[in-house]
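What follows draws every value from the coordinates through simple rules; no lab data is involved. Please read these numbers as outputs of a predicted model, since none were measured by experiment. Quick reminder, even Gly has a Cβ in these numbers, built from the backbone with ideal geometry, and neighbours come from all protein chains shown.
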Amino acid sequence: MALWPGAGSASDQPGLVAIDEGVAPLPVARIDFPYRREGRRAPDRAPKLMASVRDEVAALCERWGTTSEHLVLGGRSMGGRICSMVAAGAADLDPLPVAGLVLMSYPLHPPGKPENLRTAHLPDLRVPVLFVSGDRDAFGTPDELAEAQALIPGPVTSVTLAGKGHDLKRADPDVVAAIRDWLGPRNLPA
C-alpha cells in the first residue's frame, strides 16, 4: 500500500502512521509530494502531483519487486484525490493499473462550493475503491458523496464515520478498522 497526505500535512501525520501500523505486516509506504519535500506549503498543480505519484509508484514497485497491479494507492483528502486521478487516467494519461484505492476524506468540492465538483475522472475508475469520510465533512456530505460514488463503475465501499468532519488526520481506530476490513482477511492477519 502507498499513501499520500492531504495538502496541508506530511506523510508523518498521525492518521497515516496509524494506518501503516494497523495493517502490518502489509508493507506500507507513506510518501510526501515533492512540494512538501522541498519545504513549500502550497501544493503544485494536479498534473505535477499526478506525475510524482506515477514516479513514486514506479520506484516503489522496483524496490519491492512488484508491479502497480499489486498495490493499493490512496491517502487523505488531496492525496487520495490525486491517486484516484492517476488510477482513472485523468489528464489524458493512461490509467495506472492498481489493486484498489483507499480514499479518506475525499475532497468532493471546496467547502461551501458544491457546484465545483471534482468528479470528472470518477466514471473512469474501474478498480475497487474504499471511501472513508466523516458525516460532517464540509468537502462533501454523505448524500453528495453517494451521488459521486454512483459514477464509479468499479466496486465501491463507503464508510461514514458519525460525528467526524474532514479532519481524519488523527490516529483514529475507526479509520484503521475500516481499511483492515476492506482489505480483508486474505491480505492481513487477524
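What residue among GLY89, GLY140, GLY75 shows peak mean-square fluctuation when the chain is described by a Gaussian network model with Cα springs under 10 Å?
Looking only at GLY89, GLY140, GLY75, the largest GNM fluctuation is found for GLY89.
How large is log10 of I(q)/I(0) for region 37-148 at q = 0.23 Å⁻¹ when the intensity is taken from the Debye formula with one equal scatterer per alpha-carbon?
-1.36
Give me the one-decimal nm value for the distance between modelled label points at ARG54 and LYS113, 7 Å along each residue's Cα-to-Cβ direction.
With each label point 7 Å from Cα toward Cβ, the separation is 2.6 nm.
Just to be sure I follow the definition: excluding the sites themselves, where is the longest run in the chain that has none of the GluC sites (Glu not before Pro) in a DSSP loop with at most 15 other Cβ atoms within 10 Å?
Result for the longest clean stretch: 39-114.
How much length, in nm to one decimal, is gained on full extension between ALA120 and THR67, taken as 0.36 nm per residue of separation minus their Cα-Cα distance?
Residue separation times 0.36 nm, minus the Cα-Cα distance, leaves 16.4 nm.
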